[in-house]
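The values are calculated or read from the model by the stated rules, or taken from the named source; none is laboratory data. Predicted model only: the values in this text are computed from it and were never measured. For neighbour counting, all protein chains shown are included, and Cβ atoms are generated from backbone atoms with ideal geometry for every residue, glycine included.
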Amino acid sequence: MEDHAEAVEEFRIALDGVRLSLGGRPVFRGLSCGFMRGQITVILGESGSGKSTLLRLIAGLTRPDSGAVRVAGQDVARLGHADLYRLRDRIGMLFQYGALLDSMTIADNVALPLREHTERTEADVVAEVERRLAAVGLPDAGPLYPRELSGGMSRRAALARALVTDPEIVLCDEPFSGLDPLNLRRIEKLLVDLNRRLGLTMLVTSHHLASSMRMAHRIVFLTEGRAVAGTPKDLVHSSERAIVEFLDADSGDEGPAGGSGA
Ligand SMILES: Nc1ncnc2c1ncn2[C@@H]1O[C@H](COP(=O)(O)OP(=O)(O)OP(=O)(O)O)[C@@H](O)[C@H]1O
Ligand SMILES: [Mg+2]
């Protein structure tokens, strides 16, 4: 499960020796990993391993204490405000929490990136928003306000907004959280279709192992402040203790000391 065989220039996004402490505690201790252009990479790791933080570093929302974060050929950690803003135009991000603006309807929320970053006509924007809401299974949610949606519906609306400009780079933090199995499949298929059709570079964090294995070209597994990367198949055959434990826990086999105590 290593990156040596992969050509470095194929990485659209690459972290090199990133160190970062938050609240006085180290989160990354020399993290190096890469994300290939046009691929879906799923980021796995237990809660607190730094998945959201990794996406925030890539979006330039958090700066590393040291090391490089290269996105589309630019070191995000060294960009000034204007350049960072321009780079973010090419990135769509689904945040783990607090995604939608409460004071706007769902349709206006989804339309926002189109209105702010494109020159499209109002009629065009409205039609696009309708299409995007239908694609996430919310054809009738446009006139509603965020408070009128369930948790899973909000996630899907936020995803529609993150994807609406077909950004070259898509960062999705837990797109499957709170989704029923049908909607989970729907969102998984939407991401895979977009990736195939437009060749978007997608980074997806998830706790859902089965869908990760289905959709990922590559997996980046975070453990103890570093990354182990490979194909889903590599992951299954890995002998890394943290990975073996992670996979075992998901299969419900926690060994003699595990179990629910029933
Ligand atoms: N703003 C912050 N201030 C202090 N510590 C933080 C902050 N943000 C994150 N952390 C810490 O950084 C570590 C990584 O957090 P992060 O949210 O990236 O984990 P995660 O892998 O996304 O977890 P989860 O699966 O629960 O979403 C945690 O120990 C967390 O407590
Ligand atoms: Mg997180």
**Report entry** Out of Ser47, Ser52, sole residue that is within 30 Å of Ser239 (Cβ to Cβ), within 16 Å of ligand 2 (Cβ to nearest atom), out of contact with any Gly (no Cβ under 8 Å at 6 or more places or on another chain) and not in a loop (DSSP other than H, G, I, E, B)
**Finding:** Ser52
Query raised in the report: Ser154 versus (1) outside the structural domain of Arg12 (by TED's automatic domain parsing); (2) among the polar types (S, T, N, Q); (3) modelled with pLDDT under 90: which is the lone unmet condition?
Result: (3)
Query - Tabulated pairs, the stretch 59-76, first among the charged types (D, E, K, R), second modelled with pLDDT under 95, C-beta under 7 angstrom, 6+ apart or interchain - result: Arg63/Ala77
Requested in this report: For Ser177, indicate whether it is assigned by TED's automatic domain parsing to the domain that holds Gly48, within 16 Å of ligand 2 (Cβ to nearest atom) and either more than 28 Å from Gly60 (Cα to Cα) or part of a loop (DSSP other than H, G, I, E, B) (or both).
Outcome: yes
**Report entry** Failed item in (1) under 20 Å from the mean Cα position of the chain (by Cα); (2) over 25 Å from Ser177 (Cα atoms), with Ala127 passing the rest
**Finding:** (1)
Query raised in the report: Taking the condition under 18 Å from Thr53 (Cα atoms), over 14 Å from the mean Cα position of the chain (by Cα) and more than 16 Å from ligand 2 (Cβ to nearest atom), does Arg197 pass?
Result: no
Query - Number of the exception - Ser238 against (1) outside any helix (DSSP H, G or I); (2) surrounded by 20 or more Cβ atoms within 10 Å (Cβ to Cβ); (3) in the same structural domain as Ser52 (by TED's automatic domain parsing); (4) more than 16 Å from ligand 2 (Cβ to nearest atom) - result: (2)
Requested in this report: Being more than 13 Å from ligand 1 (Cβ to nearest atom), modelled with pLDDT of 95 or more and buried (at least 20 other Cβ atoms within 10 Å of the Cβ) narrows it down to one of Ile43, Ile13, so name that one.
Outcome: Ile13
Requested in this report: Test Val27 against the criterion of being in contact (Cβ under 8 Å) with a residue 40 or more places away in the chain, within 12 Å of ligand 1 (Cβ to nearest atom) and touching a Ser or Thr at 6+ places or on another chain (Cβ under 6 Å), and give yes or no.
Outcome: yes
Report task. Sort out which residues of the stretch 6-44 are charged (D, E, K, R), outside any strand (DSSP E or B) and within 23 Å of Ile91 (Cα to Cα), and write them in order of number. Result -> Glu9, Glu10, Arg37
Query raised in the report: Does Ala249 qualify as being of a type in the set (A, V, I, L, M, F, W, C) and at pLDDT below 90?
Result: yes
Report summary line: When Thr105 is run through (1) touching a helix residue (DSSP H, G or I) at 6+ places or on another chain (Cβ under 8 Å); (2) buried (at least 17 other Cβ atoms within 10 Å of the Cβ), the failure sits at (1)
Query raised in the report: Among the candidates Leu182, Leu138, Leu133, which residue alone is surrounded by fewer than 19 Cβ atoms within 10 Å (Cβ to Cβ), over 16 Å from the mean Cα position of the chain (by Cα) and among the aliphatic types (A, V, I, L, M)?
Result: Leu182
Query raised in the report: Taking into account only those residues within the stretch 55-102 that are more than 21 Å from the chain's Cα centre (by Cα) and surrounded by 15 or more Cβ atoms within 10 Å (Cβ to Cβ), which is nearest to ligand 2 (Cβ to nearest atom)?
Result: Gly67
Requested in this report: Check Leu200, Leu171, Leu222 and return the single one that is farther than 17 Å from Ala99 by Cα, within 16 Å of ligand 1 (Cβ to nearest atom) and in contact (Cβ under 8 Å) with a residue 40 or more places away in the chain.
Outcome: Leu222
Query raised in the report: Among the residues of the stretch 239-246, is any touching a strand residue (DSSP E or B) at 6+ places or on another chain (Cβ under 8 Å), of a type outside the set (D, E, K, R) and closer than 26 Å to Val71 by Cβ?
Result: no
